[in-house]
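For reference, the structure is listed below as structure tokens.
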There are 2 protein chains.
Amino acid sequence: MAVNLPLPVASNLKPITGLELGYAQAGIRKTNRKDLLVMRLDHNATVAGVFTTNRFCAAPVQVCKAHLELARQTGTPIRALVINTGNANAGTGEAGLANANETCAALAALLGLTQQQVLPFSTGVILEPLPVDRVKAGLPQAIADLKTDNWLNAAEAIMTTDTQPKAASRTVSINGKTVSITGISKGAGMIKPNMATMLGYVATDAKVPQPILDHLVKQAADKSFNCITIDGDTSTNDSFILIASGAVDVNVNSIDSPEYKLLAEAVIGLSQELAQMIVRDGEGATKFITITVEEGATIEECRKIAYSIGHSPLVKTAFFASDPNLGRILAAIGYAGVDDLDVSRLNLYLDDVWVAKNGGRNPDYREEDGQRVMKQSEITIRVRLARGSASATVWTCDLSHDYVSINADYRS
Amino acid sequence: MAVNLPLPVASNLKPITGLELGYAQAGIRKTNRKDLLVMRLDHNATVAGVFTTNRFCAAPVQVCKAHLELARQTGTPIRALVINTGNANAGTGEAGLANANETCAALAALLGLTQQQVLPFSTGVILEPLPVDRVKAGLPQAIADLKTDNWLNAAEAIMTTDTQPKAASRTVSINGKTVSITGISKGAGMIKPNMATMLGYVATDAKVPQPILDHLVKQAADKSFNCITIDGDTSTNDSFILIASGAVDVNVNSIDSPEYKLLAEAVIGLSQELAQMIVRDGEGATKFITITVEEGATIEECRKIAYSIGHSPLVKTAFFASDPNLGRILAAIGYAGVDDLDVSRLNLYLDDVWVAKNGGRNPDYREEDGQRVMKQSEITIRVRLARGSASATVWTCDLSHDYVSINADYRS
């Protein structure tokens, strides 16, 4: 069902010097399945992350945050990541924390690191204990597999109900040197049926000091993974990690420098590509929908309205049906919570078709024009608020019978 | 598909002295269908209402608010209501306002009233002009039908895609006098596919001064129609109207009086019954779900969490599947936006089954117990926050294949 989602090709995924990847089939929930991934980083690498805001944040997320903070304070670098699928280790209390720590300790012992130099990630069933012995038993196999040109296997190893692996690469020339950026992501709902979570990992070989990487990871997340919605559910395990291996020094020493701007543009672009892949593989998705809200007083109100449209089951089912039932979009704008919105100045477009003019039906709008756009697999909804100059974009998909089937039938 | 929704019986619906109802088949969108309702009120009646917070509030809602405010200021009473289905008169701009006013003027002329003594309501397609001539042409037929024992026809006349009419009655004895309360409602989504809107009308023969009725309508709405959700979409036309015909004087002269408390309890109870009927007839509903959040610091945070659970497509599809995939409920609690929530103190129950204890899986919880409850058609989710003494309840339904079918296929 994926909407225009390209299958990644291993040879197109650029290795990142200073970063090796290895997978294992650890049998965590099912056998004969890549379900464990290890990443080993050079000692020059810097790592930054943003995590779910869900109060039920999973044990590995709590450990990740603590280890990243410790690395920031002590300067002792993060040197490895370990990611398992099949179990989210969320809603698991103290035992869950102990299991996440035990995973880190086991990998650290095998790689000659301290436990605090390892970041753990889990995705899968919530409320069930992590089978930590199977995770630990799989680590040697993953370590034996460590190599730099292993990104496609890595993308496959973090899949849960994704229909396709998600990976992409790009390069950018900074001061005459080529910087590579490669990333992988997973997720087919903001929370997967039971196999929870969106995960994103982007790595560059550029050298980026910690405070600058901390800034960049937030900037990239805000313009990519924080702009997508499938069903409005925020996972307990969502994580986005940015790694700079440090192999290529291109003087990214200030967020105001032209070097930073070039790197940031490439990282943000790749992150958007990876985030959009999650929407394209959204559970049951048949349409890829871009929602752009313009001329707002603030970015926040533009995002509120864009998400209100993007979360509306009625809007999403209308898109599934290719039915230009566009009053539903106006209704979703109206209940977005922008209290002083003057709808009599609002304009609505579907691609190039001007649907609503000054808050009412555009007299020139013809249903057949709306119908033509609705039949496309990629559609842009554009709202002009006539209140200011702020704007925001959100990417989403439609709501189909298959969404219900996937989520109702998954565990049965 | 309706869940335990009783079919109303005309003889059980108590007439309200001082209030007559009459319907017509006006052919507004389809022929041979009750689609126009007129209510005529005695000159002693008081009327109060609460309306959608949607910024795209429909033309009739704007006119209702203005006429109610005028009645409050001048003391000239509201004497009639007119309700059409088939067209929402929303997203229709100035022309929509003119059509709503023209409808009021036409009914006022026929009944010897001023235009401002009439309240108009519309429910149906958004973004299309109201066929005001058909509405006006149907008025004489509705007026000819006016009588007090006409509540079942009234309930049928305001239906859109409801599968059943929704009506109920009760009586309460106050100071030895019998007070009757009868109400009707419609809606099968917070917004119907295209045929938008939830409408509720509750009438009593008690005499209730305007300021007290204004208080009671808000109190009743907050505990009934404001506690339901089907898909989270808030219509452009939602209206809840409380009418006191004034025929029975039982000294409801202060909101602190015992008389008020008796009346309020009955009005709130009936309003809850009517509101729950909307959920029971929710589009595609197969389960009726009560979500109670207890031990909160504030009612607001309890409502936030209850709605977060009630809006989650993942929770709703799990209930459709009778799958005790209860980590989804924890995830929805976690992203409800209660920033300082300590999940390690939280307890979750499904009816009598203790699922999560202190934020993790209850060691005594057995999947077969969860499974047993999930198979029921009526289920209570109970969350204890251990933060205070506030509580809130929300009623919702599951998300089924039929929800998608109804909303995707309706206009096609």
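Taken together, the values in this text are just the output of simple stated rules run on the coordinates, not laboratory data. Keep in mind the model is a prediction, meaning the values are calculated, not measured. Virtual Cβ from ideal backbone geometry, glycine too; neighbours counted across all protein chains shown.
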inquiry  = Counting only other chains, and only Cβ atoms inside 10 Å, what mean value do you get across the residues of A:334-347?
reply    = 4
Antiparallel bridge percentage (DSSP; both residues within the protein assembly as shown; nearest 5) = 70
query = Can you give the relative contact order of region B:288-409 as a percent, counting alpha carbon pairs under 8 Å and 6+ residues apart?
reply = 47
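Filter the cross-link list A:166/A:218; B:14/B:147; A:166/A:304; B:14/B:177; A:166/A:316 down to pairs whose alpha-carbon distance in this structure exceeds 19 Å.
Values: A:166/A:218 21 Å; B:14/B:147 12 Å; A:166/A:304 28 Å; B:14/B:177 15 Å; A:166/A:316 24 Å.
Result: A:166/A:218; A:166/A:304; A:166/A:316 exceed 19 Å.
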query = Considering the protein assembly as shown, what Rg and Dmax in Å follow from its alpha-carbon atoms?
reply = 29.1, 94
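Based only on other Cβ atoms within 10 Å, what is the fewest-to-most ordering of A:172, B:404? Walk me through the numbers on the way to the answer.
Details: A:172 20, B:404 26.
Taking fewest neighbouring Cβ atoms as first place, the list is A:172, B:404.
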request  = Name the lysines eligible as straight-distance cross-link partners of residue B:136: C-alpha to C-alpha under 18 Å, and not fewer than 8 places from it in the same chain.
outcome  = B:30, B:34
query = Computed FRET efficiency, Cβ-Cβ of residue B:11 and residue A:163, R0 51 Å: what is it to the nearest 0.05?
reply = 0.35
request  = Mind pulling the angle between the C-alpha long axis of helix B:59-74 and the longest principal axis of chain B? Nearest 10 degrees, somewhere in 0 to 90.
outcome  = 70
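If you scale each eigenvalue of the Cα gyration tensor by 5 and take the root, what three semi-axes come out for region B:288-409, rounded to whole angstrom and sorted largest first?
Details: eigenvalues 108, 62, 27 Å².
So the equivalent ellipsoid measures 23, 18, 12 Å along its semi-axes.
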ask   = Expressed as a rounded percentage, what relative contact order does region A:1-66 have, with Cα pairs under 8 Å and six or more residues apart?
value = 21
key: Principal-axis tilt of helix A:258-280 within chain A, Cα atoms, nearest 10 degrees   = 70
message = What does the structure give for A:123-129 when I average, per residue, the other chain Cβ atoms found within 10 Å of the residue Cβ?
response = 4
query = Which percentage, to the nearest 5, of the DSSP beta bridges contained in chain A is antiparallel?
reply = 70
message = Give the aspartates and glutamates reachable from residue B:186 as a straight Cα distance under 16 Å; neighbours fewer than 8 places away on the same chain don't count.
response = B:35, B:156, B:162, B:231, B:233, B:238, B:273, B:281, B:283
ask   = Taking Cα pairs under 8 Å and at least six residues apart, what relative contact order does chain B come out at, in percent?
value = 18
task = Taking just the C-alpha trace of region A:10-280, give me its Rg and Dmax in Å.
result = 16.8, 51
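Just to be sure I follow: if Rg is taken over the C-alpha atoms of region B:95-223 and Rh is the Kirkwood radius over the same atoms, what is Rg/Rh?
Result: Rg/Rh = 0.98.
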task = Let me see the pair-distance distribution of region B:149-302: every alpha carbon pair, 10 Å bin width, integer percents in order.
result = 11, 38, 32, 17, 2
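Using DSSP to define loop residues, name the GluC sites (Glu not before Pro) in region B:360-391 whose beta-carbon has at most 13 other beta-carbon atoms within 10 Å. Spell out each step's value before the answer.
Working: sites: B:367, B:368, B:378; in loops: none.
Answer by residue number: there is no such site.
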remark   = Ordered by fewest other Cβ atoms within 10 Å, a rough proxy for footprinting exposure, B:341, B:346 read B:341, B:346
query = Sorting A:76, A:182 on the 10 Å Cβ count, fewest up front, what's the list?
reply = A:76, A:182
